[in-house]
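Here is the structure we will look at, set down as structure tokens.
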Amino acid sequence: KRAENNLGNKDSLFKILDEIFVKSDDYLRTNERVFTAATIFTGGWLESLYCQTGMKGDAAVKSKVNNLLWEQRFHLGNIITMLNDYKDKKEAAGLIASLKPIHEEISGVKQPKDLTDEKFNSISSKIISLRNNLTK
């Protein structure tokens, strides 16, 4: 109801979504479901990256998307580290194995301006493939 009342106000919607995320994360941690929280976080990160890599536009949009993708090397490294706490779980091991090649490829790019179309397409195809495999 609160979200419906604020459909025209992006700031309010972001605040509502933030509250939902924080409360959900707190609930999962309190109930000893940290692995579930970690996989939900990873899925949210992957979905946002999937959306970003699918953005089309002029040179300015392309530059922003390249910067966003390049910056993800830090976050992806942290996600892999977080998931390593659960590497003995089959789901975590598979996710780590799928994320590592993406991380290696993004990390191989020294600056966002060095992210060629070919490299961008290679990285984004891995992201798309992983996302599609997880949402089957």
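Assorted remarks:
- Two-decimal Rg to Rh for region 58-136 - Kirkwood Rh, Cα set: 1.01
- Cross-link pairs LYS1/LYS89; LYS64/LYS126; LYS89/LYS136; LYS15/LYS110 - those with Cα-Cα distance over 29 Å: LYS1/LYS89; LYS15/LYS110
- Kirkwood Rh, angstrom, the chain [1 / mean 1/r, Cα pairs]: 16.5
- The mean accessible area for residues of the chain, using a 1.4 Å probe and ignoring ligands and nucleic acids, is 67 Å² per residue.
- Ligands, DNA and RNA left out, the 1.4 Å accessible surface of region 89-136 is 50% carbon and sulfur atoms.
- Axial C-alpha extent at least 27 Å, average Kyte-Doolittle at least 0.0 - helices from the chain (DSSP): 34-53, 59-84
- Once both labels are positioned 7 Å from their Cα atoms along Cα-to-Cβ, the gap between CYS51 and LYS23 label points is 2.0 nm.
- Using a Gaussian network model of the chain in which every pair of alpha carbons under 10 angstrom is joined by a spring, one finds that among ILE79, ILE20, ILE102 the greatest mean-square fluctuation is at ILE20.
- The slack in the chain from ILE16 to THR36, taken as 0.36 nm per residue of separation less the alpha-carbon distance, amounts to 5.1 nm.
- Expected 222 nm ellipticity per residue - DSSP helices of 4 or more, -39500 (n - 2.57), all of the chain, to 500: -26500 deg cm²/dmol
- Cut-off 12 Å, label 7 Å out along Cα→Cβ of ASP117, residues of region 62-81 by amide N: none
The values are calculated or read from the model by the stated rules, or taken from the named source; none is laboratory data. Quick caveat, the model's predicted, so the values are computed rather than measured. Glycine gets a Cβ as well: all are built from the backbone with ideal geometry, and neighbour counts include every protein chain shown. To get the accessible areas, we keep the full protein, side chains included, count just its heavy atoms, and leave off ligands, DNA and RNA. Shrake-Rupley method; radii C 1.70, N 1.55, O 1.52, S 1.80 Å.
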